[in-house]
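The values are calculated or read from the model by the stated rules, or taken from the named source; none is laboratory data. Everything quoted here is computed from the prediction, not taken from an experiment. Heads up, the Cβs are rebuilt from the backbone with ideal geometry, glycines too, and the neighbour counts pull from every protein chain shown. Side chains are part of the model used for accessible areas, which takes the heavy atoms of the whole protein and leaves out ligands, DNA and RNA. Shrake-Rupley method; radii C 1.70, N 1.55, O 1.52, S 1.80 Å.
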Amino acid sequence: PPAPVSQIVSPRGRDPVYFITFTFTGERRAKDNQVFEALGTTDELSSAIGLASEFSQESCHPFAAELHRVQCMLQDVGSNIATPLSSAREAHLKRTSFTDQPILELEQWIDKYSEQLPPLTAFILPSGGKSSAALHFARALCRRAERCDYLFVLARYAAMKEGKEETIYVKDEP
């Protein structure tokens, strides 16, 4: 069953109680705590991937379902982040744990698309159509949490499949 969703509450005034929130374990922490910073980063990434997925579906790319899977992986990561070991019970840990299977899936997908791409001979700028540009944007956001070659490879693959040209970086000469 899906995890329960917290009630959304807007802060009122400057009352310090509104700048405190709770982890999955019920532990109170300030909203600027690194746990919530990490959760925000994974949420931003999932949102960017959602946008890229929408553009990819419009172009009938076969990897749109994979992007949905990546969003689910990020939700699992977020659940794990929101479960500090300092206050987690065994039931919390069991519910938020996951295996290395997602990493293996990503590596397989990277190989699958990389094999179909022409060799990269120059730096490219985020470009190559809406799907590709959105994937590059997601890739750039992903760097806050972890580098992700999968998104870079998909961006190039989307541009190739859509017949869009990738913009090559050209250094301005003084």
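Check the stretch 157-167 and report whether any residue there is in contact with a His (Cβ under 9 Å, 6 or more places away or on another chain), more than 19 Å from L45 (Cα to Cα) and open to solvent by 80 Å² or more (accessible area, probe 1.4 Å). Please lay out each step first, then the result.
Let us first name the residues in the stretch 157-167 that are in contact with a His (Cβ under 9 Å, 6 or more places away or on another chain), namely 157-158, 161-162.
Narrowing further to those that are more than 19 Å from L45 (Cα to Cα): 157, 161-162.
Then drop every residue that is not open to solvent by 80 Å² or more (accessible area, probe 1.4 Å), which leaves 161.
Yes.
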Failed item in (1) within 23 Å of T42 (Cα to Cα); (2) without any contact (Cβ under 8 Å) to a residue 60 or more places away in the chain; (3) assigned to a helix (DSSP H, G or I), with Y113 passing the rest: (1)
As an exercise: evaluate T99 against (1) open to solvent by 30 Å² or more (accessible area, probe 1.4 Å); (2) touching a helix residue (DSSP H, G or I) at 6+ places or on another chain (Cβ under 8 Å); (3) among the hydroxyl-bearing types (S, T, Y); (4) more than 29 Å from A30 (Cα to Cα) and give the number of the one condition it does not meet. (2)
Please name all residue pairs, on different chains or six or more residues apart, with Cβ atoms under 9 Å, provided the first residue is in the stretch 156-170 and is β-branched (V, I, T) and the second residue is crowded, with 18+ Cβ neighbours inside 10 Å and in a loop (DSSP other than H, G, I, E, B). T167/G128
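In the stretch 63-90, which residues are hydrophobic (A, V, I, L, M, F, W, C), farther than 24 Å from L51 by Cβ and open to solvent by 70 Å² or more (accessible area, probe 1.4 Å)?
Within the stretch 63-90, the subset hydrophobic (A, V, I, L, M, F, W, C) is 63-65, 67, 70, 72-74, 77, 81-82, 85, 88.
Narrowing further to those that are farther than 24 Å from L51 by Cβ: 85, 88.
Result: L85, single match.
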Within the stretch 127-137, the count of residues that are crowded, with 19+ Cβ neighbours inside 10 Å and assigned to a helix (DSSP H, G or I) comes to 6
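Does Y157 qualify as being within 15 Å of the chain's Cα centre (by Cα), closer than 15 Å to S53 by Cα and assigned to a helix (DSSP H, G or I)? Outline the logic, then answer.
On the way: within 15 Å of the chain's Cα centre (by Cα): no; closer than 15 Å to S53 by Cα: yes; assigned to a helix (DSSP H, G or I): yes.
For Y157, the condition - within 15 Å of the chain's Cα centre (by Cα), closer than 15 Å to S53 by Cα and assigned to a helix (DSSP H, G or I) - is not met.
Here's a check for you: in the stretch 138-152, which residue that is assigned to a loop (DSSP other than H, G, I, E, B) and closer than 23 Å to Q116 by Cβ is most open to solvent (accessible area, probe 1.4 Å)?
The extreme case among them is R147.
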